[in-house]
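Encoded as structure tokens, the structure appears first; notes follow it.
The values are calculated or read from the model by the stated rules, or taken from the named source; none is laboratory data. None of the values given here were measured: they were computed from a predicted structure. Note that each Cβ is placed from the backbone with ideal geometry, even for glycine, and that neighbours are counted across all protein chains shown.
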Amino acid sequence: MRIISLFLLVLFYNGSLFALNSGREDVVNYEKYGVFLNVGTGNYRYVIKDMKGLKEAIGPGLFPNFDAIKKDSDYIEAEINGELEGFLWDFVDKKKKPMINFYKWAVTPEETLGVKLFYAGYALEKAGMLKEAIKAYYAMLVHTPKCISYTYWHTPLYMGRIALDRIKLLLRQNPGLGLKLVDAKITIAKCYDNDQANDKYTFVNPGKLIKVKPSDVIDKPVDLNDFKVIETRGGSHVSLKKYNNGHWQMFVNGKPFIIKGMAYSPNLIGKSPDYGSLVVNRDWQLIDENNNKINDVFFESYVDKNMNNQKDDDEPVVGDAKLMKEMGVNTLRLYHHGFNKELFRKLYKEYGISVLMGDFLGVYAIGSAADWNMGTDYSDPVQQENMINSVKEMVEEYKDEPYVLMWVLGNENNYGVANNAKDNPEAFYGFVQEVAKLIHKMDPTRPVALCNGDFLYLDILSTRCMEIDALAINSYRGKLGFGDSLWQAIAENAGKPVFISEYGCPAYGGVNMTQEEADAGQMEYHKGNWEDIWYNRAGMGFGNSLGGIIFEWTDEWWKAGTGADPNVHDIQPQFGAPFLDGWSYEEWFGICSQGDGSDSPYLRQLRKSYYYYKDVWNK
């Protein structure tokens, strides 16, 4: 294999040896090769003055030296073998050789400069070549920070902000690199409505990569006792306190509390709401297939240790409640208020598990009495009254129950599923304001949260929902976590604390990935997400994280959609998403499997993600 320079970087991956010239500078000093103009404004740009010097510094395969990679022996071999042939977007997550993906993106003429740089960096990241990946992401920040791409749903992706987030998260997760990105920030006005036409970049600074001691990569925690509480939301049972450094902390009965939560719907395989045989939000509270008057899933499940899909003599009944307690779970998210008080009292008293009590507030047309096809209309006074009555019923029924942590309104209603919040966000968030005000009057002892789909309409939410005490965000941004673009945006716009009310990853990655690889990939995704949640708790990072809710406990076999067989664990991808192979498999999100389904609802096969949390949540 030909060595191009002394700066040779070698990686052994999937049995193949790859060599890549990493360029003359590990951290490119762009000030030597060009001029930064209008830094800190929306008119930022970088002008190259020494093209030859920059090419030598950056190395082959990255801008402005993309084509030089064609001289690399491994590239030539890949081209001869036909490995670079095919649809460009299959060279992101679907191919198992990240370096082949890198070569493809480096030489493609099909995409813009910024998109090329980002996915070249992404391929290098997946190959474990983190310094090179960071170099690619930072090159994108320098040259094309305003680059736009699009999601599977044709909504805009602000690639500069994503690259910035990835750099910071990679450096934080790998302090041994001894690098830190300082002063980097991108601000975009009107960017929360999916209408790219009205976006306006108001502040762009790519910042600077600096070398530091590994011990200085991660900011040190601050002692909250050194700061003054300047605001309190909630009441005597659960309170949210804001310090004068902008950080928020949650207290339950006067003690600090961080949500280590679980979305829980371990329903019987073979049943589906699409066929009228399953009520998702309540059936698991009543499930008793053996008619012994004991809840099957909470108290009669067992761990199939040898994965033979049957209960053996050395596999005693333990129950999900005990498994979750041993894992460190302290909270369940109840999406829409239930009716089994005795069950929740037992969970709280014997297992220390509290509940986030929710009302769908018209999403999926639940609570509004609207027709599914028409969807909830948040400007309709009759439907408003129906939803208010549903909320009143919830609060009256549960306000004296000690296990209730917080009231949570909705579930990503802003995405517009069977409701018009996406088309009329002003009406929706205005209605949320009135409902939150009502709940505060009925129960002044707890906070009220709103569950939003990521930060779509964050600007409207921030001005219309002042009665909301905390934001609950469903977010699936990839294995590194959520990034400054989420925590900082919420801090600067809403000024409220936040918990991630859904995050997770399917334990399936397509036919080219073994189940063991998929389980490991799911665990890595959870690890990156929880570390980001934990880093931004009070005293660290942006200090506005209250914790997170894992989605979800067990795989649900009905979620592939109408027409799919709920008796079959579906492996068809539903939509593009930042998961193991670039697709979402909706029936595979559990950190516990139900095996082959033959002993549902009792059998549990614990995935690697379960053991990861059992370790970190009990420290």
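Evaluating L157 against the criteria (1) surrounded by fewer than 21 Cβ atoms within 10 Å (Cβ to Cβ); (2) assigned to a strand (DSSP E or B); (3) in contact (Cβ under 8 Å) with a residue 40 or more places away in the chain leaves one unmet condition, (3). Among the residues here, L62 qualifies as part of a loop (DSSP other than H, G, I, E, B), crowded, with 20+ Cβ neighbours inside 10 Å and aliphatic (A, V, I, L, M). Within the range 219-250, the set of residues being surrounded by 15 or more Cβ atoms within 10 Å (Cβ to Cβ), touching a residue at least 40 places away in the same chain (Cβ under 8 Å) and more than 24 Å from V408 (Cα to Cα) comprises V222, L224. If the condition is being touching a Phe, Trp or Tyr at 6+ places or on another chain (Cβ under 9 Å), surrounded by fewer than 22 Cβ atoms within 10 Å (Cβ to Cβ) and farther than 19 Å from P566 by Cβ, then the range 582-612 contributes G582, W583, Y612. Looking only at the range 128-154, count every residue that is farther than 17 Å from N205 by Cα and buried (at least 21 other Cβ atoms within 10 Å of the Cβ) and tell me the total. So the count comes out to 3.
What number of residues within the range 297-356 are polar (S, T, N, Q) and over 26 Å from Y503 (Cβ atoms)? Can you show your working first?
Pass one, the range 297-356, residues polar (S, T, N, Q): 301, 306, 308-310, 330-331, 340, 354.
After this cut, where a residue has to be over 26 Å from Y503 (Cβ atoms) as well, the list is 306, 308-310, 340.
Adding up the residues that qualify gives 5.
Scan the range 326-338 and tell me whether some residue there is more than 30 Å from the chain's Cα centre (by Cα) and either of a type in the set (D, E) or under 17 Å from E552 (Cβ atoms) (or both). No, because not a single residue in the range 326-338 is more than 30 Å from the chain's Cα centre (by Cα) and either of a type in the set (D, E) or under 17 Å from E552 (Cβ atoms) (or both). Taking the range 213-276 as the region of interest, none of the strands (runs of 3 or more DSSP E) fully inside it holds 2 or more residues being in the same structural domain as R172 (by TED's automatic domain parsing), modelled with pLDDT under 95 and of a type in the set (A, V, I, L, M).
Would the range 105-117 turn up any residue that is in the same structural domain as K208 (by TED's automatic domain parsing), over 27 Å from F36 (Cα atoms) and under 24 Å from the mean Cα position of the chain (by Cα)? Scanning the range 105-117 turns up no residue that is in the same structural domain as K208 (by TED's automatic domain parsing), over 27 Å from F36 (Cα atoms) and under 24 Å from the mean Cα position of the chain (by Cα).
Scan the range 29-46 for residues that are outside any loop (DSSP other than H, G, I, E, B) and either within 16 Å of K200 (Cα to Cα) or touching an Asp or Glu at 6+ places or on another chain (Cβ under 9 Å) (or both) and report the count. I'd like the intermediate steps shown before the answer.
Let us first name the residues in the range 29-46 that are outside any loop (DSSP other than H, G, I, E, B), namely 30-32, 34-37, 41, 45-46.
Next, from what is left, pick out any that are either within 16 Å of K200 (Cα to Cα) or touching an Asp or Glu at 6+ places or on another chain (Cβ under 9 Å) (or both): 32, 34, 41, 45.
Summing the residues that are outside any loop (DSSP other than H, G, I, E, B) and either within 16 Å of K200 (Cα to Cα) or touching an Asp or Glu at 6+ places or on another chain (Cβ under 9 Å) (or both) in the range 29-46 gives 4.
Condition check: surrounded by fewer than 22 Cβ atoms within 10 Å (Cβ to Cβ), over 22 Å from the mean Cα position of the chain (by Cα) and more than 30 Å from K241 (Cα to Cα). Does G576 satisfy that? So G576 does not fit the description; no.
Per this entry, A560 is counted among residues that are under 21 Å from the mean Cα position of the chain (by Cα) and either at negative phi or assigned to a strand (DSSP E or B) (or both).
Select, from N281, N253, N291, the only residue that is farther than 21 Å from Y613 by Cβ and touching a residue at least 40 places away in the same chain (Cβ under 8 Å).
Working: N253 fails: touching a residue at least 40 places away in the same chain (Cβ under 8 Å); N291 fails: touching a residue at least 40 places away in the same chain (Cβ under 8 Å).
N281 is the lone residue from the list that is farther than 21 Å from Y613 by Cβ and touching a residue at least 40 places away in the same chain (Cβ under 8 Å).
Take the residues of the range 422-435 that are under 14 Å from N411 (Cα atoms) and in contact with a Phe, Trp or Tyr (Cβ under 8 Å, 6 or more places away or on another chain): which is surrounded by the most Cβ atoms within 10 Å (Cβ to Cβ)?
Within the range 422-435, the first condition is being under 14 Å from N411 (Cα atoms), and the residues that meet it are 422, 428-429, 432.
This time we only want the ones that are in contact with a Phe, Trp or Tyr (Cβ under 8 Å, 6 or more places away or on another chain), so: 422, 428-429.
Numbers: K422: 18, F428: 30, Y429: 23.
Step by step, filter the range 422-435, then rank; the result is F428.
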